[in-house]
Amino acid sequence: MASLGALRWDVFCHVVDNWGDAGVAWRLCRQLAGAGQRVRLWIDDPAPLTWMAPRALEGGHPGVEVRAWPRATPAPPPVLPAADVLVEAFGCHIPQDWVQALLPPRAADGAPTVWLNLEYLSAEAWVERSHGLPSPVLHGALQGRTKWFFFPGFTPATGGLLREADLLARQAAFDPQDWRRAHGAHDGPWVSVFTYEPPALAELLRQPALQRAHWMVAAGRSQAHWAQLAPALPATARVTLTQPVSQDAFDERLWACDLNLVRGEDSLVRALWAGQAFLWQLYPQDDHAHHTKLQAFLDWAQAPAGWAAWMRTFNGMTAPLPPLDARELACWREVAADLRQRLLAQDSLLQRLLDFVASRRAASST
């Protein structure tokens, strides 16, 4: 990992509607602080942090300061110490007067400051080509400055995935049977449901492997959709409608369950680290661009036919569905465990981000 000293980072996050953007931004800030960096998180809707990261808004995490970003109402830039690194999460637009105020061309130590666009996660081939490319500003008050694209990804040629330094130690200390007993012991398979409105969920309820399942259904859109599916639930199944939980508690749920239904980007990455069977629902797009994105992920994962068919159907594509029995579910778990090992062999996003920032500061400091 690069040795940067304690730089100041400004991370900006625009919360859309599905919590993943806030989740990624907070995980990044936590990990930066854990690596000795000083972080300000600017967020336009801090409400999800009240349950996602308890005490975050009261300064409860060393090294991270949460600040309100009045994105919807134009406001003058704050008068604060300048940053060494500015991160736009998911390409959220920061007004140029804020960039000028928070990110001068040179840091206090004389090294060039670094302006990054932390992009969306994808396995598509163009991500490797685009990762680390510059985007020069050609007009306006910021003319001559450069923003750099940083793409998370699944291969060594990308920005990698967020992974805590203590992840493996936490997993090794975790007892899934203790967790299950604490959440209402049940002798069937456990399923975590954190989705949008997947077309194939009703069909999944009827599968042989899940007749005695305990379905842990997350608050929000998952529970709203679930209400429509209740008549299809086998009498032998059990349902728990859960409340929003912290990021660490959500991780433990994924570790304890036999099948994890996840959505978006942040929970996909957490499912990959869990190493349990999972189905991923991408954010649905009107032009079906998420289908191309899904296929790229399946290609990278070298997905077996049955799992790939369920993934496609889970995302609104037509595919003949094999029955999901205990043997097929075990196959999915083997695939997930293999993907986890492949990813653990790579550097984390934090390592690659610190190395990238160090290289940019060194390249332009002479």
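Looking at the range 318-330, which of its residues are surrounded by 17 or more Cβ atoms within 10 Å (Cβ to Cβ) and of a type outside the set (D, E, K, R)?
Let us first name the residues in the range 318-330 that are surrounded by 17 or more Cβ atoms within 10 Å (Cβ to Cβ), namely 324, 328-329.
Those that are surrounded by 17 or more Cβ atoms within 10 Å (Cβ to Cβ) and of a type outside the set (D, E, K, R): Leu324, Leu329.
With Leu272, Leu279, Leu268, Leu343 as the choices, which residue is in a helix (DSSP H, G or I) and touching a strand residue (DSSP E or B) at 6+ places or on another chain (Cβ under 6 Å)?
Leu268
Across the range 241-273, which residue is surrounded by the most Cβ atoms within 10 Å (Cβ to Cβ) among those that are among the aliphatic types (A, V, I, L, M) and under 19 Å from Ala182 (Cα atoms)? Full working, then the answer.
If we filter the range 241-273 for residues that are among the aliphatic types (A, V, I, L, M), which is where we start, we get 241, 245, 249, 254, 256, 259, 261-262, 268-269, 271-272.
Next cut, under 19 Å from Ala182 (Cα atoms) only: 241, 245, 249, 254, 256, 259.
Values: Leu241: 14, Val245: 16, Ala249: 14, Leu254: 21, Ala256: 22, Leu259: 25.
Selected residue: Leu259.
Just one of (1) on the phi > 0 side of the Ramachandran plot; (2) in the same structural domain as Val245 (by TED's automatic domain parsing) trips up Gly110, so point out which.
(2)
If you take just the strands (runs of 3 or more DSSP E) that sit entirely in the range 94-204, which of them hold at least 2 residues that are under 17 Å from the mean Cα position of the chain (by Cα) and either of a type in the set (A, V, I, L, M) or within 23 Å of Trp280 (Cβ to Cβ) (or both)?
Here the list reads 190-193.
Output the number of residues of the range 304-322 satisfying the condition of being aliphatic (A, V, I, L, M) and assigned to a helix (DSSP H, G or I). Break it down stepwise before answering.
As a first pass, look at the range 304-322 and keep what is aliphatic (A, V, I, L, M): 305, 308-309, 311, 317, 319, 321.
Still in the running and assigned to a helix (DSSP H, G or I): 305, 308-309, 311.
Going through the range 304-322 one residue at a time, the tally reaches 4.
Looking at Val99, Val87, Val15, which is the one that is modelled with pLDDT of 90 or more, hydrophobic (A, V, I, L, M, F, W, C) and touching an Asp or Glu at 6+ places or on another chain (Cβ under 6 Å)? Explain how you work it out, then say what you get.
Details: Val99 fails: touching an Asp or Glu at 6+ places or on another chain (Cβ under 6 Å); Val87 fails: touching an Asp or Glu at 6+ places or on another chain (Cβ under 6 Å).
Matching residue, one of Val99, Val87, Val15: Val15.
Is at least one residue of the range 249-260 of a type in the set (A, V, I, L, M) and without any contact (Cβ under 8 Å) to a residue 60 or more places away in the chain?
Within the range 249-260 (the criterion being of a type in the set (A, V, I, L, M) and without any contact (Cβ under 8 Å) to a residue 60 or more places away in the chain), the answer is yes, since at least one residue qualifies.
Consider Val79 against the criteria (1) in a loop (DSSP other than H, G, I, E, B); (2) surrounded by 14 or more Cβ atoms within 10 Å (Cβ to Cβ); (3) without any contact (Cβ under 8 Å) to a residue 24 or more places away in the chain; (4) of a type outside the set (S, T, N, Q): it satisfies all of them except one. Which criterion is unmet?
(2)
The values are calculated or read from the model by the stated rules, or taken from the named source; none is laboratory data. Everything numeric here is computed off the predicted structure, so don't read it as measured data. FYI the Cβ positions are ideal-geometry reconstructions off the backbone, even for glycines, and counts take in every protein chain you see.
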